[in-house]
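The block underneath contains the structure these notes are about, expressed in structure tokens.
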Amino acid sequence: MATIIRKDRVLTLTAVDATPLDGSTAGRTYQASDRPEKYSVALDEETDAVTIKMDGTGADGNSAVFNIFGYGKDSPAERIYHTVTGTLGTAVAGTGRLFAEVFAGTTTHTKTIGITDSVAAGNSVAKIAFDTTGVRFLVFEPITFTTLTAITFHIREWGSK
């Protein structure tokens, strides 16, 4: 079987989530019905894994902290990568935008999370990759922005045919 790139999806966030998912607050439980739509990306059913890059409107050294959750079609949230800090470097992503060159966080996924090309002062484009078997939605929950006005996640889906 050949590995194919299914889609590249983009999600832009401009503010932190004032009421994050906590598992027990009404409207913020881990139930599928409480999945925050504005932070969600739907994956194709054939997607086996994703590779994620981030850019932001800001300057070298600015950062954002976020969580990544996964949901099955009708299943509760599962943490994938928790309290992730994405720090901008100097690689240009567009006018006034820079790519994150470092990712650091706590993996809570049942599979290995790969962080590649994550080098402080490396003028690189850091990447997060993980298996998404059984995951239908990814949720990127913004926690804090440090001097950033927006962040954009670039989610490349891939799988087998």
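Readers should treat all values here as calculations from the given coordinates under stated rules, not as data from a laboratory. Keep in mind that what you see is a predicted model, and the values were worked out from it rather than measured. As a convention, Cβ positions derive from the backbone with ideal geometry for all residues, glycine included, and neighbour counts pool all protein chains shown.
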| said: Within 10 Å of each candidate Cβ there may be at most 16 other Cβ atoms; applying that plus a DSSP loop requirement, which trypsin sites (Lys or Arg not before Pro) in segment 70-151 survive? | reply: K73, K111
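In percent, how large is the relative contact order of the chain, given Cα pairs closer than 8 Å and 6 or more residues apart? List each step's numbers first, then the result.
Details: 444 pairs, mean separation 61.6, N = 161.
Over the chain, the number comes to 38 percent.
Among residues other than A77 whose Cβ falls under 9 Å from its Cβ, what is the net charge (Lys/Arg +1, Asp/Glu -1)? Provide the component values of the computation, followed by the final result.
Numbers: positive: R35, R79; negative: D34, E78.
Computed value for this residue: 0.
Taking the Cβ of V135 as the centre, find all other residues whose Cβ is under 14 Å away and add up their charges (Lys, Arg: +1; Asp, Glu: -1).
Values: positive: R6, R9, R35, K73, R79, K111, R136; negative: D44, E45, E46, D48, D74, E78, D131, E157.
In short, -1.
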| How large is ³J(HN,Hα), in whole Hz, for each residue of segment 122-138 in order, when computed from phi with the Karplus curve 6.51 cos²θ - 1.76 cosθ + 1.60 and θ = phi - 60°, using x for Gly and Pro? | x, 6, 10, 10, 5, 9, 10, 9, 7, 6, 10, 4, x, 9, 9, 9, 10
| So what are the ³J(HN,Hα) numbers for segment 12-22, from phi and the Karplus equation (6.51, -1.76, 1.60; θ = phi - 60°), rounded to whole Hz, Gly and Pro as x? | 10, 10, 10, 8, 6, 8, 5, 10, x, 4, 10
| field | Cα gyration tensor shape for the chain, rounded if a/c is under 1.5, else prolate or oblate | value | oblate
